[in-house]
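Everything on this sheet refers to the single structure shown next.
Each reported figure results from applying straightforward, stated rules to the coordinates on display, with no laboratory input. All values derive from a computational prediction rather than experimental measurement. Don't worry about glycine lacking a Cβ; one is built from the backbone with ideal geometry, like all the others, and counts go over all protein chains shown.
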Amino acid sequence: MTNGARPAFGVARPMQGGPAPLAGGAQFPPLSSDPFNASALNGGDPFAAVEQAFSAADPFADLPSFNAEPTPVMGDAAEDAAKPRYQDAMTRLAIREAASGEAGKSKVEGFEASIHKIKEQVLPRLLERVDPEAAATLSKDELAEEFRPIIGEVLAELRITLNRREQFALEKVLVDELLGLGPLEELLGDPLITDIMVNGPDQTYVERKGKLELANVQFRDEEHLFQIAQRIVSKVGRRVDQTTPLADARLADGSRVNVIVPPLSLRGTAISIRKFSSKPITLDIMAKGGSMSERMSTVLKIAGASRFNVVISGGTGSGKTTMLNALSKMIDPGERVVTIEDAAELRLQQPHWLPLETRPANLEGQGAITIRDLVVNALRMRPDRIILGEIRGSECFDMLAAMNTGHDGSMCTLHSNSPREALARMENMVMMSDIKVPKEAISRQIADSVDLIVQVKRLRDGSRRVTSITEVIGMEGPVIITQELFKFEFHSEDAEGKIVGHYTPSNLRPYTLEKARQFGFDQPLLEACLND
C-alpha cells in the first residue's frame, strides 16, 4: 500500500477457475473453509450437513429472535426499565387470548335468592286477593301498607316464618313486581350504575365506573321480562310487540331506554337503559373530576354564554348528553330554548325551556313526526336557541339553517371520532337527504354556521375526557379550515390501569374572539387559550 492510499477493508481476489476461498479483514472473521460440510454432502445426509454447518457458524446469530429479548438499542438502565412493561403487555395479551368467550349467566345468590324463592310462592296467592286496577291507583308506599296484612296471611298459609328484615325485603320485591320494573328497580336505585343492559331473562350486565360487570338479578322467564318492557314503553305512549319490535322510551327520571324484542333479538327481550345522574353535572364538576382542565372549562363557559354554535362530537356512551346539559347551564335565563329529541333525556335548568319529542308511525305506518318536522316547526316558535339531542340525518340541513338565520347559541350532538370526521359526517348527512345542494355550498354553510366542536371520548379505563376543543374558521378553497385550541395528550397508564395524560393548549389566538367581545368575554377567552 502506497502512502496516502485508502486502507483496504478486505482482500479482493479475482475469480480464476474455481471459487476463491473467502477471507475478510480483522473486523469480518472468516467463515469455515467447508461451511456446508462437502464430505457429508457427497455421501451422508444433506439435511444433517446443513444443520451441522449452521450450528458451526450461524449467519443469523446476531439477528434478534422472536423468542429472545429485544436487542438493546438504548442504555442498559433504559432496557431494564422497559423489560417489565414488555413482559406485562405480553402477559395481558396471553390472558386476553385465553379468556373464555362464553356468555355469563346472572345469578341471584344469598339473602336475595331466598327472598326471590319466597316471592315466587307468595305472588300467585297475593294476586288472587288483590284487584290489579285498584292497586295501580296507589303509590308504592300506600300499596306496601295495604299488602302488609295480606302478605302475613299468605305466609301463614304457606307456613313460612320471616323475621322483620326478610318481611320488609319481601314487601319491597312484591311492590316492585306489581307497580315497578321488577328486578330492575334495585339496579335503578344504585347511584354507581350508569348503564343497565338486559340480554334476555338470564343475563344482565351493568356499568359501574366505566366497567361492565354481571349483575346479580334474574327474571322468571321471557314473558316476565317482556311484560316489564311493555310497562316501560307504554308509559310514554309507545308500544313494542312482534309488529313493532323496536322502541325508544324514557323513565320518569329521564333515563333513556331502548327495547328490542324477538324475532329481532335472538336471546329474548333486550333492554338497554342509560341512567343519568340525579345531581346536575356542571362544567366545574367535570373539571375537578379530570374530564377537562380549568382553562377548557372557562372556554366552554364563555362559549355557552356568548352564544357560540356548538357541535358536541363523540362515540356511544362518551358523555355527549352530559356535556350538552352542562353547557346549557350557561344559557341566559331570559332566553327561550327549544329542545328536540327522539326520546327526551335532556334536563335543562332554564326557566323558559320547551322540550319537544318525535312520534313514531302507527300500525298503519301513518302519523310519524320526525326530528326534521320538529326543527322546521320550531323555527316558527320564536326560539332564541334550538338544541338537538342528536342529529343523524337530513335534519342536519335544517339545524345549520337555524344556526345561520338568527338562532345563535344553538347546540347539537352527533356520533364521530374526531372534529374533522364530525364535519365530514355533517356534509354526508346533508348530501344523503333529498336536498340537491352542491357539496361546496354545504361545506360553506357548515363553516359559516358552526363555531366550536367539542370532542368527548370514553377511554379504555372507563373515564370520559374532553379530548379536543376545535374552532371552525372558514373555507380555503373546497376545504373547511379549523384550528385546535386544546387537546388531551396521552402519556402512560398507571399501576391501577388509569390513563395518565395532560391537557395542552395550542397557544393560538381564538378566531371567535370577536364574538366573545360582543358579550364582554374577550379578555378571559384570550387568557384561557394562551399560556402565561
Report task. Quickly work out the N417-to-I160 label distance, labels modelled 7 Å from Cα along the C-beta direction, and quote it in nm with one decimal. Result -> 5.3 nm
Query - Violating pairs (Cα-Cα greater than 30 angstrom) within the set K209/K301; K209/K515; K140/K457; K117/K140; K105/K487; K117/K498 - result: K209/K515; K140/K457; K105/K487; K117/K498
Report summary line: Taking r as the C-beta separation of L266 and D373 and R0 as 35 Å, the FRET efficiency to the nearest 0.05 is 0.55
Report summary line: Rounded to the nearest 0.05, FRET efficiency between Q349 and E97 (Cβ-Cβ, R0 45 Å) equals 0.40
Report summary line: Checked the range 384-446 against the a/c 1.5 cut and the a/b vs b/c comparison, axes a ≥ b ≥ c from its Cα gyration tensor; verdict oblate
Query raised in the report: Given the pairs K279/K329; K211/K329; K211/K275, which are separated by over 18 angstrom at their Cα positions?
Result: K211/K329
Requested in this report: Considering the options S278, G315, V261, tell which one lies farthest towards the positive end of the dipole of the range 256-322, charges being +1 on Lys and Arg and -1 on Asp and Glu at the Cβ, about the Cα centre.
Outcome: V261
Report task. Could you work out how far the C-alpha centroid of the range 477-532 sits from that of the range 204-241, in angstrom? Result -> 41 Å
Query raised in the report: All other residues with a Cβ under 9 Å from the Cβ of G314 taken together, and with Lys, Arg as +1 and Asp, Glu as -1, what is their net charge?
Result: +4
Query - Shape call, the range 116-182: gyration tensor on alpha carbons, a/c limit 1.5 - result: prolate
Query raised in the report: If you put +1 on each Lys and Arg Cβ and -1 on each Asp and Glu Cβ, how big is the dipole of the range 437-497 around its Cα centre, in Debye rounded to 20?
Result: 260 debye
Report summary line: Given a Förster distance of 25 Å, the FRET efficiency implied by the Cβ-Cβ spacing of Q121 and D141, rounded to the nearest 0.05, works out to 0.55
Query raised in the report: Given the range 283-529, what percent of its DSSP beta bridges are antiparallel, to the nearest 5?
Result: 55 percent
Query raised in the report: Based on the alpha-carbon gyration tensor of the range 202-268 and its eigenvalue square roots a ≥ b ≥ c, which shape applies: rounded if a/c is under 1.5, prolate if not and a/b is larger than b/c, or oblate?
Result: oblate
Requested in this report: Determine ³J(HN,Hα), in whole Hz, for all residues of the range 514-525 in sequence, where each value follows from phi through the Karplus function 6.51 cos²θ - 1.76 cosθ + 1.60 and θ = phi - 60°; x replaces Gly and Pro.
Outcome: 5, 5, 5, 5, 5, 10, x, 10, 5, 5, x, 5
Report summary line: Expressed in nanometres to one decimal, the distance between label points 7 Å along Cα→Cβ at K439 and I473 is 2.2 nm
Query raised in the report: Are there GluC sites (Glu not before Pro) in the range 344-422 that DSSP marks as loop and that have at most 16 other Cβ atoms within 10 Å, and which are they?
Result: E364
